[in-house]
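The block underneath contains the structure these notes are about, expressed in structure tokens.
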Amino acid sequence: MDDKLWSIISTPDGLMAKLVIEPDCELTAEEIDYEIQTAGIIFGRKPDAVEQALQQRGATIIIAEGKAPQPGRPAEITLFLDEDLLTSEANSSVADNLRQELVVPSVEPGQALAKMTPSEPGISGLSIYGKELPPPAEEKMYLRALKGVTLSEDGLQVTAAVNGRPRLEKKKYLYSFQVIPCFVHSGDVTVVHGHISFQGDITIMGNVTEGTLVSALGSIEIYGNVVGANVSAGQSVSVSGNIIQGNLEAGKHYLLVAEILSVLDEFNALFIELLNMLNQLSSSPHLAKLPFSHIVRHVITMRNLPWDETLKKLTAVTEKIKPPALADEVKNTRKIIQNLTDIAWHDISSFSSAVAGVREVRRNFEETVGTGGDIKVSYALNSKLTAGRNILVRGQGCMHSHLEAGDEVRIEGRLRGGEVITNRLLYAREVGSEAGAVTSLSVSSKGRIEVDKAYENTIFSVGNFTYKLSETAGRSRTAFNEDGHLYLLHRS
């Protein structure tokens, strides 16, 4: 049998087979049908396809078609408020008197914020070989209720539980809602008011003047200037005006969270090493007679593990977080610390519980990252800005100021003098001055610095490596050459 005179062509997805019969092929319809069955093609056969191929030799004829799987319906979340109201700092509109009016969104208890229509699974298909073809996995979404919000028992609706300001945080397939009471101060903050403190959000419609302090557990929004004043928010800070000799802090404890996550990762590595050693020693008849805590201490000493030092480090950084910030997370961490001494471990079960506790605390802290800690300003002069996550300077820029952020700093204007410190990314449009003002830019060892223009005496630091400009540079980013030296690489 010359199989070069006929061929069966199957698609990779198993949903179609085609037959080509050359003019010189002498096989009968029954023989070709037998070959098709031998190839395993049993579903979706077209009854007259072989005869058609014999009659139309050289043509490609479809002989079988499978049933394609049908995708399901993805989950869908319906918002009962405009998304801008849930994510923006405030709404700006023109009132009847043609003056600008700023309105802070608010909701009442019992008011529905969103509902979710669950996903529906797809329908399986069947290949030409008779094999089931599963449908694509349906796209699921989740609602999460934070403070001031309740979630229905079926997890399909979130409702406000208190009066206040609704907020939405979207993270991939997770929609997190909260309602935070908001205090609005309609004028300037002066020494007459002194210290304004609130456990939710604060909106200042005027200026924050010299000698005053505004602090909030939530976010702070200021529509005027900050001059010689202190502003501290547990979440984010936004200033529409200028910052002159001011001190702004936003989510400063998130910098400590990053430090805690690092220490907890160290513990996780120590746990793995300890567990491996304990498993190796479990067969020793001599050690089996000793108390479990003594065995653990023996392993820690024998392997020279920095257990006690890491425990002290975790205790110290936890104490740096002052209430009410991350109160639940700090409370749980203190409980775990009590279970991280070898005398608390009576057997492998209590040891495993400590391992699980550390990992749970880490997950809880990790969930707090990304929910706040941003600063947004237009201009800063002789000021200090500290943010747990990001700093964005949208306007003219910064002069002789200190900026520090946990993740990213973006300066869309000019940066003259002072220093900027962050971890992942630092971008500035123009750095330094023609007069050679010393300006320092620093990121972590895994971070990157990008500039559109930088003058002489601009200092770039990546980890422990430093590079100082001796002449003006154009659009560049930090990079390392083959010798491991830091330099500036041109970027398009």
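Cα centroid separation, segment 471-492 to segment 378-398: 25 Å. Look at the alpha carbon pairs under 8 Å that are at least 6 residues apart: their mean separation over the length of segment 217-359 gives a relative contact order of 20 percent. Above 19 Å, the calculated P(r) of segment 325-393 contains 53 percent of its Cα-Cα pairs. A P(r) calculated from all alpha carbon pairs of segment 3-65, with 10 Å bins opening at zero, reads 24, 61, 15, 0 percent. Restricting to the chain, what percent of DSSP beta bridges are antiparallel, rounded to 5? Taking every DSSP beta bridge with both residues in the chain, the antiparallel ones total about 40 percent. Of all lysines in the structure, the ones whose alpha carbon falls short of 30 Å from that of LYS170, not counting any fewer than 8 places away in one chain, are LYS115, LYS140, LYS147, LYS252, LYS320, LYS322, LYS331, LYS376, LYS384, LYS446.
Each residue in ASP201, ASP407, ASP265 was given a count of other beta-carbon atoms within 10 angstrom of its own, and listing them fewest first yields ASP265, ASP407, ASP201.
Only helical runs count toward this figure. For the chain, summing -39,500 (n - 2.57) over DSSP H runs of n ≥ 4 and dividing by all residues gives -7000 deg cm²/dmol at 222 nm.
For LYS289, the aspartates and glutamates whose Cα comes closer than 18 Å to its Cα, not counting residues fewer than 8 places off in the same chain, are ASP342, ASP347.
Extension gain, SER124 to THR87: 0.36 nm times the residue separation minus the Cα-Cα distance gives 9.4 nm.
In terms of the mean number of neighbouring beta-carbon atoms within 10 Å, the peptides 379-392, 339-352, 175-188, 14-27 order highest first as 379-392, 175-188, 14-27, 339-352. Once both labels are positioned 7 Å from their Cα atoms along Cα-to-Cβ, the gap between ALA29 and GLU412 label points is 7.3 nm. Legend: calculated FRET efficiency, SER7 to GLU138, from the Cβ-Cβ distance at R0 = 45 Å, rounded to 0.05, equals 0.75. In this structure, THR466 and GLU153 have a Cβ-Cβ separation that, at R0 = 60 Å, corresponds to a calculated FRET efficiency of about 0.55.
Note that segment 116-217 shows a convex hull volume over its alpha carbon atoms of 132 Å³ per residue. Computed about the Cα centre, the dipole magnitude for the chain is approximately 1940 debye when only Lys and Arg (+1) and Asp and Glu (-1) carry charge, each at its Cβ. Packing order of peptides 451-458, 55-62, 250-257, highest average first: 250-257, 451-458, 55-62 (average count of other Cβ atoms within 10 Å over each peptide's residues). With Cα atoms defining each centre, segment 104-129 and segment 1-40 are spaced 47 Å apart in the structure. Normalising the Debye intensity of the chain to I(0), with uniform scatterers on Cα atoms only, and taking log10 at q = 0.07 Å⁻¹ returns -0.64. Residue order for THR318, THR422, THR38, THR209, fewest other beta carbons within 10 angstrom first, comes to THR38, THR209, THR318, THR422. Relative to one another, the C-alpha centroids of segment 43-59 and segment 176-209 are positioned 79 Å apart. Put simply, the Cα atoms of segment 385-439 extend 32, 19, 16 Å along their principal axes, the longest span coming first. In plain terms, the bigger the Kirkwood radius, the slower the diffusion; for segment 253-368, with that radius from Cα pairs, at 25 °C and 0.890 mPa s, Stokes-Einstein puts D at 165 µm²/s. When you count the other C-beta atoms within 10 angstrom of each residue and take the mean per peptide, 143-152, 308-317 line up highest first as 143-152, 308-317.
Each 10 Å bin from zero holds the following percent of Cα-Cα pairs in segment 176-280: 15, 37, 19, 12, 9, 7, 2. For the chain, relative contact order (Cα pairs under 8 Å, six or more residues apart, normalised by length) works out to 7 percent.
For the pair GLU319 and ARG491, the difference between a 0.36 nm per residue extended length and the Cα-Cα distance amounts to 57.6 nm.
No lab work stands behind these numbers, since they all come straight from the coordinates. Quick caveat, the model's predicted, so the values are computed rather than measured. Using ideal geometry, Cβ is built from the backbone for each residue, glycine included, and neighbour counts are taken over all protein chains shown.
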